[in-house]
Structures are given as C-alpha cells and as structure tokens.
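Novice: Structure below; questions to follow.
Values in this text are rule-based calculations from the coordinates and carry no lab data. Just so it is clear, the model here is predicted, and its values are computed rather than measured. Note that we place each Cβ from the backbone using ideal geometry, even for glycine, and neighbour counts take in every protein chain shown.
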Amino acid sequence: MNERTTLEVIAPTVEEAIQQGLSQLGLTADAVSVEVLDSGSKGLFGLGGRQVRVLLTVGSPADEVQVASSPEVKPAPAKKADSKPKQKESKPRAEKQPVEPPATQTTQRSDHDPILDTTENVVSKLIHHMGLKAQVSAHYDEDSTDDRRVIQVDVRGDDLSALIGRHAETLFAFQHVASLIVGKQTEHWVQLIVDVEGYRARREKQIRQLANRMADQVTKTGRKVTMEPMPASERRIVHIELRGHPAVSTESTGEEPYRKVVILPKE
C-alpha cells in the first residue's frame, strides 16, 4: 500500500483549517479528503475554548469526507409484535434518579454568609462550564468594609493552567466576569480576587524580585527603566516594594490595559 501525503491543520473553524491546508499543499479541494479530528469548542464567555483540528489526505476522492468519532449508526431492527396477551401492568413506583456530583465543589464553612455562598457557587459553575475540575472557597479580605467588599477566592485543582492563561489574561477576564455576575445576583458591589493554586503568591514574588533587579540596573546606569505593562494590582506591588528605596522612585505611565511602571533615579 502506497502511503499518501497527509497534513494536520489547527484553526478556529473547519473552513479556515481546510483553506489553510489547501494553501500549504498547493492543491484544490477535489484533490484531497478531509477528516475532522476535533470539532473544537467555544468555551464559556470565550474562555477555555478549543480550536478545530483537521487532517487533509492527498489523493482521495473529492467526496470522501469523514468526521472523527462519528461511526455510521444503523437503524435498529423493528421489534416483532408479541403474540402473547398483555398482562395488566402495575403502576411502577417513582424512583429517585441518582444525582451526579458536580465536577467543581465548594468548601463547606461553618458560617453561611449569602454573598460568600453566591460567590462560591458562581465561580464553581463558571469553572465547570470551562470543562475544568476544582475546589472553590471564598472569604472576605482584611480590607473589606460594608461599603466595599473585597472577596478572596481560592481555586484548587489539577491542570488549571487554562484558567490562568498567558500573562494571567484569562484569569483577570474570568475574575471580572465573575465579579459582575456575583454583584448582579447579590445586588451588592463586590470585587473578587481569584487565586489559582497559589499563582498570585508566586507571581508577587517574581514581581518583587524583578522590581529590585530593575532598581539595581537604574542605580548603576543612572537611566530610567520602563517595565512591561501590568494590571493595577501588580503595579501596586512594584510601587510598594521600591517605596523606601534610597536611589530610585517609581511612577505609572500610559493608558489601560497597557499602563506601565517606570523606575527612575532619584535626583
């Protein structure tokens, strides 16, 4: 059997994947067969979605289009009529259907604060719809007041990198969406700070170390240094870390979401 040339393409849609594959192969659609390996998913609020994976095979008939994991379903044969007379059926008793436990669970607390309970439920459901499994617990931040509620949400589980994303962009988007939903359901303004597997603590340590390295560089060269764009919470870490530095000062510049910290030598 001669091996045929194949090409696997990943793209947002099947049409785009096929078009990209044909372009790379330099062929027309009638010269290949198409097999959809993964039809992808949109995710929830644009989070946690998968792209489409398509396999193009050269040299097959044009009308040979297959879809993975979609075997042909044969119709079931018609049942023969039962010649025996039907007996009077007794009314079956209602049986309780087993309830499948949710993939995402909340940690039980002795106190049942309605806002914290709502927060845990909302975050748990969002994570579940992203196809992830985790345990969620929430508590008020030390700086919370009756007028300004700041809630810390701790998410624990395996393989939660999809919830963090590149430069924590997905995590911040998730946090914003969850805050809006909780605020609407509780009719209170709330600010959620979502942490995944201790990511924020590790990230804070990295930012502090980076800030001190940049401060040393400014001290040696006498020239200002502009750090990469950061969210307000991370910029605040830099300002606090270098607040008492004897040789440098800090300021923020630019517009959100590209606002940056500038480290300058003191005059």
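Novice: Expected output is a single nm value to one decimal: the length gained when fully extending between S39 and S233, i.e. 0.36 nm times separation in residues minus the C-alpha distance. What is it?
Specialist: Going from the current span to full extension adds 66.1 nm.
Novice: At what distance in nm do the modelled label points of D143 and D216 sit from each other, each positioned 7 Å from its Cα along Cα→Cβ?
Specialist: Label-label distance for D143 and D216, simple model: 2.9 nm.
Novice: Run through the range 174-267 and list the chymotrypsin sites (Phe, Trp or Tyr not before Pro) located in a DSSP loop whose Cβ has at most 16 other Cβ atoms within 10 Å.
Specialist: W189, Y258
Novice: I'd like the distance separating the alpha-carbon centroids of the range 15-41 and the range 126-159, in whole Å.
Specialist: Comparing the Cα centres of the range 15-41 and the range 126-159, I get a distance of 42 Å.
Novice: Taking a 20 Å limit on the Cα-Cα distance, which of the listed pairs K125/K184; K133/K205; K220/K266; K224/K260; K205/K266 fall beyond it?
Specialist: Beyond 20 Å between Cα atoms: K133/K205; K205/K266.
Novice: Let me ask something else about it. For the range 224-263, run through the trypsin sites (Lys or Arg not before Pro) and keep only the ones in DSSP coil with at most 16 other Cβ atoms within 10 Å of their Cβ.
Specialist: Answer in residue order: K224, R243, R259.
Novice: Hey, another quick one. Per q in 0.16, 0.21 Å⁻¹, report the Debye log10 I(q)/I(0) for the range 200-265, using one uniform scatterer on each alpha carbon and no solvent.
Specialist: Taken in order of the listed q values, log10 I(q)/I(0) reads -0.46, -0.79.
Novice: Now for a separate question. Let's test the formula: R0 of 25 Å, r as the Cβ-Cβ distance of I240 and H112. What FRET efficiency results, to the nearest 0.05?
Specialist: After rounding, the FRET efficiency stands at 0.10.
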